Each structure stands twice: as C-alpha cells, then as structure tokens.
1. Can you work out the Karplus-derived ³J(HN,Hα) for every residue in region 54-67? Use 6.51 cos²θ - 1.76 cosθ + 1.60 with θ = phi - 60°, whole Hz, and x for glycine or proline.
2. Give me D for the chain in µm² s⁻¹, whole number, from Stokes-Einstein with Rh from the Kirkwood sum over alpha-carbon pairs, 10 °C and 1.306 mPa s.
3. Can you tell me how much longer the chain between residue 144 and residue 284 gets when fully stretched, taken as 0.36 nm per residue apart minus their C-alpha distance, in nm with one decimal?
4. Over the C-alpha atoms of region 217-287, what are the Rg and the largest Cα-to-Cα span, Dmax, in Å?
5. Please work out the ratio of the alpha-carbon Rg of region 324-390 to 2.2 N^0.38 Å and round it to two decimals.
6. If you roll a 1.4 Å probe over the chain with all protein chains in place, what percent of the accessible area is carbon or sulfur?
7. Using helices alone, what [θ] at 222 nm do you get for the chain, with -39,500 (n - 2.57) per DSSP H run of 4 or more residues, divided over all residues and rounded to the nearest 500?
8. Given the Cα atoms of region 401-501, and with Rh set as the inverse mean 1/r over their pairs in the Kirkwood sense, what is Rg to Rh to two decimals?
Amino acid sequence: MPATHEDLHPGSEAALSLVAPAPWSRPSAPGALPIRERAELAIERYALRARQARVGARVLSHVVRGLVEPLIHTNRDFGNLRDKGEQTSRRVADADEARALLTAAYASGTPVNVGAGLHSSNGHTLSRGGLRLLLDGATWGAPRMLPGDLVEVPAPMRWGDLEAFLRRHGRASPVLTDHLHTTVGGTLSVGGGIGTRSLVGGRQLDQIERAHFILPNGETRSASATENVDLFRYGLGSQGVLGIVDRVVMRTAPRRPFVAQFRVQWRTLSEAARAADRFVRACDDPSFAFLDIVGPILDSSVVELTLGFEFATRREAHALLRAPPAALAPLAPRIFTRRVVKDLANANHARSAPYIAMLTAPRDPHVFLWNDFFFPSYRTYARFLRHFETQAAPRVGNRYLMAALGLAYATFPERPTFPIAGLVREPGQRPFSIGFNYAVPHGDPEGQAAIRRLLDELQRVAVDMGGRLYRYGYSDADAAELRRIYGDDYDRLLALRAEVDPRGLFNPDVLR
Ligand SMILES: Cc1cc2nc3c(=O)[nH]c(=O)nc-3n(C[C@H](O)[C@H](O)[C@H](O)COP(=O)(O)OP(=O)(O)OC[C@H]3O[C@@H](n4cnc5c(N)ncnc54)[C@H](O)[C@@H]3O)c2cc1C
C-alpha cells in the first residue's frame, strides 16, 4: 500500500529548517542528541529533499498537463504485472442489473470476473475470455445514515465520495486509505482498508456491521456476525470469490479534521518501529490517533516516524503543538516538523495520485511490485524488519522502493475474525504492518525479477514468523502455499465456494 508521498513535491516540506529542539526539550532531556548527530541527520534529510525535489519537478510537469490520476490499463492490472488480452467488459449500473447478469451467466456457464476501482494487482479483476463486470459506483445508489451513527454504503462507491458524504453529517470514516479512488467493496474484498488512523480504527474491514451479497448464481444474502456468519467472515477478505458485495453497513467516527503532527527522523526502519512501539505504550493522550513510518526511499537512509493528534478545531491542534504530551519528550531532539494538517487523507491523496500517475504514464510505464506484510505483535514485526534490513534489502537496495509504509493497529478484538484477510491478532498484542511499494521501469526485466525474488522471499519469511500478506498486491501463491498460510481456513473457504459456485465460474482466477 503506497505511503504518503508528500515530500516528493516541491514546497511540501514546510519545515526545511535545521533540526530545532522542541520547546519542551532541554540538553539534559532523555534521549538528547549531540549537536553533531543532529547536524548529520539534517544533512541526510536535506540530501533526500534535494532528490525528492527533482522527482517533484517531474510530477509537477504532469500536474500542469492535467495528468493527476493514475492510468488504469484495459487488459492489464493496476500493477502492470499480468496481461490477459482483450477484455469483454460490461459496466453494471446497479444491484438489479448485477443480479440479472449473474443469473444469466450462471445458467449459461459463463465465467465472470468482477472489478470496481481496478486498483488491485495480479490480474484479479481481468477475465480470460469470460465476462468482466465493472461495478459502477456513480449509479449504484446513494449512501444513507442509519441510527447509531452507522452508514449504509453502496459497495462500488469510492472512499473519497463516502468521505464527502460523511463530512456533511459531521462524521468520518474511522480509517482512510492514502488513495481515495479505490472502492469500499474492492477494499473490503481484499481484506483491508489500512491507513495512518489504523492505530485507533484498525482496518475499514473492522468497522463493518453487515454486508449484503449477490451470490454467483444471482441470489442475494445478508450477512453479519449473527446471520450467515461464514459468508460474512469469508466473503470479506477473500478477493470476492463468494459473490458481489452489494452494500455494507459500517460504523463512523466523529469528524475531527485537524491533525497536529510531529515527524521524527530515524536511520532505519527497526529504530523507527522501536520508537513507535515505545511511544504507543507511553502515550495515553486521547487525541493520539495517527501513526506511520515512511522510508527509506531514493537511496537515502531517512526513515520518518509521524505521530498525529486529532482535533475538531485548528485552535486545539495548535494548542497541542505548543504544549505536547510528556511522552514526546524523549523524541524531541529528533523531531524535525511540527505542524497542523487539515483532512490528512485528502491531502495525502492529492499528493500521491499525481506521483503514481507519472509512474503509469505511457511514455515511461512502471511495474508495481507492492505488498504489505502484517504481524500480530511488535516482537514478530521487529524480527521481520531485521531480516529485511540486514539480509533482503542490501541485495536490491532502495533505488526502486517508491515507498515503505509502516503502520500500527488498534488493539480492540476483532468482532468477528476475517480468516482470509491479512491481519492476525494475538491476545494482548498490538499488530503492526509494513508495506513495500517497488516501482520498476517496465523496460527493466532484471530489476523486476530481482524485486519479485525479494518479495517471494519476504512472503516466505513473514509466513514462517506468523505474519500474513495483504491480498491486493503482488503475491504468487499456489494452493499448497495458500494452505500453508491459512491452514484449515483455506479449506473452509474452498468448501463455501463450492457451495455457492460449484462450477468455479465466479472470479475464477483468484485464490484457487
Ligand atoms: C495507488 C493505490 C493506493 C492504495 N492505498 C491503499 C491504502 O492506503 N490502504 C489500503 O488498505 N489499501 C490501499 N491500496 C490497495 C487497495 O485497497 C486495493 O487495491 C483494493 O482492491 C482497491 O479497491 P478497488 O475498488 O480498486 O478494487 P478492484 O481492484 O476493482 O477489486 C479488487 C478485488 O475485489 C473484487 N471486488 C471488487 N469489488 C467487489 C465487490 N463489490 N464485491 C465483490 N468483490 C469485489 C475484485 O474481483 C478483485 O478481486 C492501494 C492501491 C493502490 C493502487
């Protein structure tokens, strides 16, 4: 999952100042850094900013030409990894039309693939000679607020449109992804919806109370933690193999759009993760709701840990900047930015979309080898990061690493569990994830092969350590590997699939 690319854009680094001590820090503060080390950190950061500015200039030229959204290929997936040839696609306006099409396809034995925002990789949404249904969020229906601050959402709706709707009601999505043109159903189907607010909101998946499915034969079912429970638990997170998600009911959060941010500089992912883990244990401020770890990119060794505190008003956010929580004191010498951002997810989308647009441009196309790795505890996360940093990454460098994004998750228990989705939990432990987003030029097959080998290795290592992968990205896994990853849950999924789709006609290419 792509990180915030805000610093890839000229002028976005508001605090290109020397590493200034935070107002509450003193030379004797715990963790204070010698002046020389501070200067070294600043030099490393400026070197990175200079490289980012060069990339930013290219991005800007795309923006000027109006190329602000990534190109969605017609016969290739978003990652530009698989080509399934000419596609027969059909736009589907609403649930009634979807039901009729599925009923007819099922009766005639026609394979059907489903796509919505088309942002997943590995060709899940592409058909091989069958029918490709493109669910149209613009016509599928409107969301509506329900009692208890719940919202009913047409699944093909984009997260950005849902956010705009919720804003009008003084509410917000508990978690927002960096990219807001993905759809609700597409994200839930791959088992995710992770972002900087996952720290308190978990995944978007964790916020779903009910889902309404259109089964592969055109019949409909409602599912929740108490009704058609297995359809609910396995239908979300398994890449849409049990039917179309027509609409969902999800929880919402109060709208608190102002985020007071502190950005802390480290030299390795492991150091940043350790600091993040310590901070989340130490900080009991109720406004603390955002955390991410970004880097290292562009041949640098800069890793940025961002901690955010959310408020309803700008005044409150600035007040926190002036009087930060005591738990931040040990990090003070490494803090290089303190600022207030409004509507963080929208800001991140506005910055990252044109950057990815540039990497999908026909003149200079890239292959996206992306995936996120989830771990049930900080302990397993730290072991994985150590492997990545000491053994895997040195072999390929970070030249093609467009973003590495680390996230922490809320510790509330899953209600219920979604066995095929990536996040695994251990009682009393906080899960963490790390996403690696490599963008390799299309014309560099050796570079692509090296990154594929790296991601294959990381998948093996992560699974050995009790971790899991996000189902939207690059991952080659045959049935044996899927069984190794999901154990009995994989067999349960296959059994459910055989019940609703005995001839294997629906989304036939995924999760076999
Ligand atoms: C630029 C970019 C940024 C991203 N950022 C984030 C992020 O910050 N956080 C995060 O969690 N993820 C992120 N992702 C991953 C993203 O959530 C997934 O790619 C997700 O699948 C996108 O939704 P979509 O509507 O594009 O799905 P699609 O690619 O259209 O579909 C994905 C899968 O779900 C199935 N499907 C789609 N809609 C339905 C439905 N209504 N019913 C049943 N099955 C369905 C499809 O058949 C397919 O198997 C990002 C991806 C990209 C490309």
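The values are calculated or read from the model by the stated rules, or taken from the named source; none is laboratory data. Values in this document were obtained by computation on a predicted structure and should not be read as measured data. So basically every Cβ, Gly included, is an ideal-geometry build from the backbone, and we count neighbours across all protein chains shown. These area figures cover heavy atoms from the full protein model, side chains too; ligands, DNA and RNA do not enter into them. Shrake-Rupley method; radii C 1.70, N 1.55, O 1.52, S 1.80 Å.
1. With the stated coefficients, region 54-67 comes to 5, 4, x, 5, 5, 4, 4, 5, 5, 4, 4, 7, x, 8 Hz.
2. Estimated diffusion coefficient is 68 µm²/s.
3. Numbers: separation 140, 0.36 × 140 = 50.40 nm, distance 3.42 nm.
My answer for the length gained is 47.0 nm.
4. Radius of gyration, then largest Cα-Cα span, for region 217-287: 20.2, 54 Å.
5. The reported ratio for this selection is 1.66.
6. On the way: 10290 of 19600 Å².
That fraction is 53 percent.
7. Values: 14 runs with 166 residues, N = 512.
It lands at -10000 deg cm²/dmol.
8. Expressed as Rg/Rh, it is 1.01.
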